[in-house]
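Trainee: Can you keep this structure in mind? I'll have questions shortly.
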Amino acid sequence: MSSNAPVKQGKGTIFVRTEICKGCSFCIDFCPTHCIEFSREFNAKGYHFPVLPRPEDCTGCDLCGLYCPDFAIYGIKFKDIEKRRQAAAPEPLVPAQP
Amino acid sequence: MSGLPSLNANLEQEFGLINPVMPYLRQDRIPHIWCPGCGIGTTVNCFARALTDSGMDLDKVAIVSGIGCTGRVAGYMNLDSFHTTHGRAIPFATGLKLANPGMKVVVYSGDGDLTAIGGNHFVHAARRNMDLMIVCVNNFTYGMTGGQVAPTTPIGPTQTTMPYGNFENPFNLPFLADACGAVYVARWTVYHVKQLAKAMLDGLNKKGFVFIEAMSPCPTLYSRRNRLGDGVDQLKYYKEKSVIRNGADTKEVGIAYQGEIVVGKFVDRERPTWLDSMNSHFGSVFGDRFTPYGVTDGQE
Ligand SMILES: Cc1ncc(C[n+]2csc(CCOP(=O)(O)OP(=O)(O)O)c2C)c(N)n1
Ligand code: SF4
Ligand code: SF4
Ligand code: SF4
Ligand SMILES: [Mg+2]
């Protein structure tokens with residue numbers, strides 16, 4: 001199993017290009033599960049950017065990505081990552097549930 | 001994603017994951033110039049989603065903009081694009097479409113560009129049922145030039161050229177498009193991302209003059225000047241005050257300042273396009289001597 005594999009928490013995760021985020025809060029206010037929040041840190045332009053304090057609630061629905069006017073965030077479902085991973089290597093990214 | 005810090009960056013690189021909007025953008029131009037909380041970028045996500053869902057050959061899609069903050073969209077999209085002079089997106093797009101009848105031509109521009117300086121082109125392209133999809137990002141103002149009053153500004157708010165509040169009656173854009181003969185008319189806001197993406201998909205698949213109004217915040221000029229908060233506060237207003245009324249009479253969908261917003265698909269009908277009308281007319285006048293132009297998809 002890859003050392004970079006995420007621990008399975010929730011159904012999906014987000015990726016953020018923190019440096020191009022302008023801190024508008026669209027993603028945070030309209031995430032259906034309220035799983036993202038602003039970071040305490042600032043990026044180089046002085047904006048707080050989104051972080052995922054409640055990864056267990058993220059569904060990977062990518063609504064944050066559809067809202068983000070700066071193209072700085074997107075969500076992806078673990079099952080879609082898994083599909084890509086399987087195309088590359090055989091073992092499962094997420095251990096199968098008993 | 002090009003060396004920038006990213007949560008789970010390793011995972012992203014390892015599996016070649018990418019924000020689904022990125023392939024549609026000229027990525028060397030990102031970050032873009034739009035202000036924090038400006039809604040134009042959100043409409044671009046919806047457009048990218050519609051392009052994905054349409055399965056269209058992107059070599060057959062062109063995007064044309066006029067001047068304005070919204071006009072920048074043509075420069076950011078990784079499609080054949082043209083950034084015309086102010087107000088002239090529709091005439092340029094008309095020429096592009098008629099010279100390349102197999103192409104889907106999308107006009108993406110602001111309320112000022114399309115309905116003030118470009119208003120005459122707008123009404124006649126709709127009247128002729130020119131086969132164009134128009135996306136009008138309506139932020140109720142001239143964003144790029146500093147917040148002057150636009151033909152869409154509701155009565156009440158101040159603008160740089162209306163320091164005591166606007167008193168001019170605004171256009172009700174869906175009504176204007178409907179009255180001029182558009183075959184598809186819809187209005188959504190930047191809060192309604194999924195519906196907006198769906199309307200854009202409908203528009204890509206529809207033949208004839210399609211008009212989609214996307215209400216979008218201009219926090220820098222419209223909202224701040226009127227103490228309406230940030231972009232996200234405008235989205236909350238859209239969420240709170242919008243009612244979905246598909247098939248509504250477009251006469252009834254005018255917008256009062258911070259008032260109710262009727263959204264939905266208002267018009268979806270069939271009419272011969274300008275090219276269809278020309279072909280059938282010349283066919284009946286000249287008979288076999290006339291070869292119809294641009295009839296089969298892809299014929300150029
Ligand atoms: C012929 C001409 N007249 C005026 C201008 C100045 N001008 C540039 S953009 C603009 C209005 C833009 O408003 P809108 O189309 O609503 O775009 P927004 O910036 O709000 O997205 C004007 C008047 C110009 N560039 N060219
Ligand atoms: S992917 Fe969906 S659930 Fe996860 S943060 Fe984004 S909007 Fe929220
Ligand atoms: S929507 Fe985009 S720009 Fe706005 S806070 Fe979220 S990541 Fe940042
Ligand atoms: S001035 Fe208004 S419309 Fe233009 S980028 Fe800024 S917020 Fe957007
Ligand atoms: Mg405008």
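Trainee: What is the one condition in (1) over 15 Å from the mean Cα position of the chain (by Cα); (2) surrounded by fewer than 19 Cβ atoms within 10 Å (Cβ to Cβ) that B:SER81 does not satisfy?
Mentor: Here B:SER81 clears every test but (1).
Trainee: Residue pairs, Cβ under 9 Å, 6 or more apart or interchain, first in region B:52-76 and under 17 Å from B:VAL21 (Cα atoms), second of a type in the set (Phe, Trp, Tyr) and assigned to a loop (DSSP other than H, G, I, E, B). List them.
Mentor: B:ARG72/B:TRP34
Trainee: Got a sec? Which of B:GLY264, B:GLY294 is closer than 22 Å to B:GLY181 by Cβ, modelled with pLDDT under 95 and open to solvent by less than 30 Å² (accessible area, probe 1.4 Å)?
Mentor: B:GLY294
Trainee: Which residues, counting only those in region B:72-91, are closer than 21 Å to A:ASP70 by Cβ and among the polar types (S, T, N, Q)?
Mentor: B:ASN78, B:SER81
Trainee: Exactly one condition in (1) surrounded by 17 or more Cβ atoms within 10 Å (Cβ to Cβ); (2) facing chain B (nearest Cβ under 10 Å); (3) modelled with pLDDT of 95 or more is not met by A:CYS35; state its number.
Mentor: (2)
Trainee: OK, next. Give the residue that is most open to solvent (accessible area, probe 1.4 Å), with candidates limited to residues of region B:29-45 that are closer than 16 Å to B:TYR108 by Cβ and more than 16 Å from ligand 1 (Cβ to nearest atom).
Mentor: Selected residue: B:ARG29.
Trainee: Over 30 Å from A:PHE30 (Cα atoms), open to solvent by 10 Å² or more (accessible area, probe 1.4 Å), of a type in the set (S, T, N, Q) and without any contact (Cβ under 8 Å) to a residue 12 or more places away in the chain, is that true of B:ASN120?
Mentor: Considered against the rule, which asks whether it is over 30 Å from A:PHE30 (Cα atoms), open to solvent by 10 Å² or more (accessible area, probe 1.4 Å), of a type in the set (S, T, N, Q) and without any contact (Cβ under 8 Å) to a residue 12 or more places away in the chain, B:ASN120 comes out as yes.
Trainee: Considering only residues that are within 15 Å of the chain's Cα centre (by Cα) and assigned to a loop (DSSP other than H, G, I, E, B), which ones fall in region B:144-182?
Mentor: If the condition is that a residue be within 15 Å of the chain's Cα centre (by Cα) and assigned to a loop (DSSP other than H, G, I, E, B), then B:THR152, B:ALA182 are the ones that fit.
Trainee: Here's something else I'd like to know. Could you list, in sequence order, the residues of region B:15-49 that are within 8 Å of another protein chain (Cβ to nearest Cβ) and among the basic types (Lys, Arg)?
Mentor: B:ARG49, the sole residue that qualifies.
Trainee: Related question: Given the criteria more than 9 Å from ligand 5 (Cβ to nearest atom) and buried (at least 24 other Cβ atoms within 10 Å of the Cβ), does B:LEU132 qualify?
Mentor: Against the criterion (more than 9 Å from ligand 5 (Cβ to nearest atom) and buried (at least 24 other Cβ atoms within 10 Å of the Cβ)), B:LEU132 qualifies.
Trainee: To continue, here is another question. Tell me which residues, restricted to region A:60-74, are touching a Lys or Arg at 6+ places or on another chain (Cβ under 7 Å), more than 7 Å from chain B (Cβ to nearest Cβ) and either over 10 Å from A:CYS27 (Cβ atoms) or among the acidic types (Asp, Glu) (or both).
Mentor: A:GLY60
Trainee: For region B:228-247, state whether one or more residues are open to solvent by 40 Å² or more (accessible area, probe 1.4 Å), in contact (Cβ under 8 Å) with a residue 60 or more places away in the chain and not acidic (Asp, Glu).
Mentor: No.
Trainee: Out of B:VAL105, B:VAL137, B:VAL149, B:VAL185, I need the residue that is more than 16 Å from B:ARG72 (Cα to Cα) and either open to solvent by 10 Å² or more (accessible area, probe 1.4 Å) or within 15 Å of ligand 4 (Cβ to nearest atom) (or both). Which one?
Mentor: B:VAL149
Trainee: Given the condition touching an Asp or Glu at 6+ places or on another chain (Cβ under 8 Å), under 27 Å from B:ALA48 (Cα atoms) and surrounded by fewer than 15 Cβ atoms within 10 Å (Cβ to Cβ), answer yes or no: does some residue in region B:216-226 qualify?
Mentor: Scanning region B:216-226, I find no residue that is touching an Asp or Glu at 6+ places or on another chain (Cβ under 8 Å), under 27 Å from B:ALA48 (Cα atoms) and surrounded by fewer than 15 Cβ atoms within 10 Å (Cβ to Cβ), so the answer is no.
Trainee: Which numbered condition trips up B:LYS207, out of (1) closer than 19 Å to B:HIS124 by Cα; (2) touching a Lys or Arg at 6+ places or on another chain (Cβ under 9 Å)?
Mentor: B:LYS207 satisfies every listed condition except (2).
The values are calculated or read from the model by the stated rules, or taken from the named source; none is laboratory data. The model shown is predicted, which means the values in this text are computed figures rather than measured ones. Methodologically, a virtual Cβ is constructed for each residue, glycine included, from the backbone with ideal geometry; neighbour enumeration extends over all protein chains shown. Accessible surface is based on the protein model in full, side chains and every heavy atom, while ligands, DNA and RNA are left aside. Shrake-Rupley method; radii C 1.70, N 1.55, O 1.52, S 1.80 Å.
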